[in-house]
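Worksheet: the structure to be examined is printed underneath.
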Amino acid sequence: MSFLNRKYADLVPYTPGEQVDDTEFIKLNTNESPFEPAPAVKQAAVTAAVNLNRYCDTSCQSVIKPLAKHFQVKENQIFLGNGSDEVLAYLFQAFTEDGVAFPDITYGFYQIYANYYQTPATIIPLNEDFSIDLTAYDDLTGAVIITNPNAPTGIFLATDELVAFAQRNPERLLIVDEAYVDFGAESMTQFVDQLPNLLVIGTFSKSRQMAGARLGYAVGNSDLIADLNKLKFSTNPYNINSMTQAVAAAVLSEPAYVAEKIQTIIDNRTETKAALEKLGFEVTDSYGNFLFAKHPNISGEVLLNQLKARKIFVRWFNQPRTKDYLRISIGTTEQMAALITACKDILKEVA
């Protein structure tokens with residue numbers, strides 16, 4: 001006997017990337033940073049642990065103040081969530097009553113949230129080269145969600161195209177998910193004051209070494225943020241725990257460390273892309289902390305399993321347009337060298 005609400009009977013949940021012991025395996029499957037947080041960040045966690053008997057600060061001012069300064073916006077233009085996934089959940093609750101549209105190849109949680117919140121979803125195919133054509137969204141109604149750079153392709157859509165779309169559709173909300181924007185793309189946060197229908201989503205998981213701490217944010221006009229806070233304070237006002245607030249504040253005080261690690265990832269991405277292409281791989285022009293690659297002589301699934309046998313984990317999406325590709329997170333220089341060596345050995349075996 002099941003007591004589950006019937007409306008959730010056909011819900012297909014999200015499948016996270018496989019978690020493995022990265023002291024034994026090379027973990028390139030979940031787009032985490034391969035680098036530890038700065039020493040000050042780890043110390044902030046230790047200090048915060050002393051007061052875990054007390055509730056956390058629901059205003060999150062220790063994070064919102066420096067984050068607002070970083071984006072050069074007002075504090076009432078920032079919303080925080082327990083990871084960007086929770087931010088997205090609030091967005092679907094708040095802003096998709098009239099439907100939502102997003103690409104066919106993008107972050108998988110969009111379709112899951114559309115099903116969960118039972119909002120009508122329109123799926124727009126990417127172009128043949130995996131680029132996004134925003135004009136295909138013009139004749140629709142409801143909100144639009146664009147991951148930029150997109151995942152898993154890594155392809156970046158120019159900000160002027162997003163601005164133009166928001167301007168010609170002022171009655172519709174444009175949500176831009178910028179989980180990977182720090183790795184070489186341009187953020188839309190600079191336009192939130194001039195575009196009241198723009199909401200920008202981000203995360204501390206990728207470029208700020210905080211995947212395990214769970215912190216996401218939204219940046220937009222104060223009315224949108226007030227709506228999100230209305231939902232938050234009606235469900236879970238304590239959603240950002242004390243340790244996460246402490247380490248996030250510490251991360252924001254260490255911009256040089258963060259910038260250094262971002263640059264290392266960009267450099268490793270560039271070198272790995274060139275090495276893969278030399279081996280005959282087709283690789284998209286990624287602006288994320290990952291590459292999206294396929295080889296004409298071996299299927300994505302076979303290559304996935306061959307790498308796993310060599311204790312290298314990458315991500316495979318078993319869908320018609322992506323089944324020949326692997327998404328490869330960018331790790332340390334040594335990890336990427338090991339990946340290339342493994343690919344050389346595998347390709348020799350199938351030659």
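The values are calculated or read from the model by the stated rules, or taken from the named source; none is laboratory data. Just so it is clear, the structure is predicted and the values come from calculations on it, not from any experiment. Neighbour counts run over all protein chains shown; Cβ positions are idealised from the backbone, glycine included. Calculation scope for accessible area: heavy atoms of the full protein, side chains included, ligands and nucleic acids excluded. Shrake-Rupley method; radii C 1.70, N 1.55, O 1.52, S 1.80 Å.
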Within segment 76-88, the residues that are open to solvent by 10 Å² or more (accessible area, probe 1.4 Å) and more than 18 Å from ASN197 (Cα to Cα) are ASN82, SER84, ASP85, GLU86
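Got a number for residues in segment 276-293 being surrounded by fewer than 18 Cβ atoms within 10 Å (Cβ to Cβ) and at negative phi?
Restricting attention to segment 276-293, the residues satisfying the condition of being surrounded by fewer than 18 Cβ atoms within 10 Å (Cβ to Cβ) are 277-280, 282, 285.
Still in the running and at negative phi: 277-279, 282, 285.
Count: 5.
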Is it the case that LYS206 is surrounded by 23 or more Cβ atoms within 10 Å (Cβ to Cβ), out of contact with any Cys (no Cβ under 6 Å at 6 or more places or on another chain) and among the basic types (Lys, Arg)? yes
When THR30 is run through (1) surrounded by fewer than 14 Cβ atoms within 10 Å (Cβ to Cβ); (2) touching a Pro at 6+ places or on another chain (Cβ under 9 Å), the failure sits at (1)
Q) Do we find that ILE132 is more than 17 Å from LEU228 (Cβ to Cβ), open to solvent by less than 80 Å² (accessible area, probe 1.4 Å) and in contact with a Lys or Arg (Cβ under 7 Å, 6 or more places away or on another chain) in this structure? A) no
Of the residues in segment 304-335, those that are open to solvent by 10 Å² or more (accessible area, probe 1.4 Å) and part of a helix (DSSP H, G or I) number 8
Here, strands (runs of 3 or more DSSP E) confined to segment 61-178 with at least 2 residues that are over 26 Å from PHE292 (Cα atoms) and free of Cβ contacts under 8 Å to residues at least 60 places away in the same chain are none
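Out of THR322, THR333, THR341, report the one residue that is among the hydroxyl-bearing types (Ser, Thr, Tyr), in contact with a Ser or Thr (Cβ under 9 Å, 6 or more places away or on another chain) and farther than 18 Å from GLU18 by Cβ. Working first, answer last.
Values: THR322 fails: farther than 18 Å from GLU18 by Cβ; THR341 fails: in contact with a Ser or Thr (Cβ under 9 Å, 6 or more places away or on another chain).
Unique residue meeting the criteria: THR333.
Go over the candidates SER253, SER242, SER234 one by one and state the one that is out of contact with any Asp or Glu (no Cβ under 7 Å at 6 or more places or on another chain), without any contact (Cβ under 8 Å) to a residue 24 or more places away in the chain and of a type in the set (Ser, Thr, Tyr).
Values: SER253 fails: without any contact (Cβ under 8 Å) to a residue 24 or more places away in the chain; SER242 fails: without any contact (Cβ under 8 Å) to a residue 24 or more places away in the chain.
None of the others qualify; the one that does is SER234.
May I ask you to list the residues in segment 182-202 that are open to solvent by less than 10 Å² (accessible area, probe 1.4 Å) and outside any loop (DSSP other than H, G, I, E, B)? Spell out the reasoning first.
Here is the first cut: in segment 182-202, the residues open to solvent by less than 10 Å² (accessible area, probe 1.4 Å) are 183, 188, 192, 195, 198-202.
Answer for segment 182-202, where residues must be open to solvent by less than 10 Å² (accessible area, probe 1.4 Å) and outside any loop (DSSP other than H, G, I, E, B): PHE183, LEU198, LEU199, VAL200, ILE201, GLY202.
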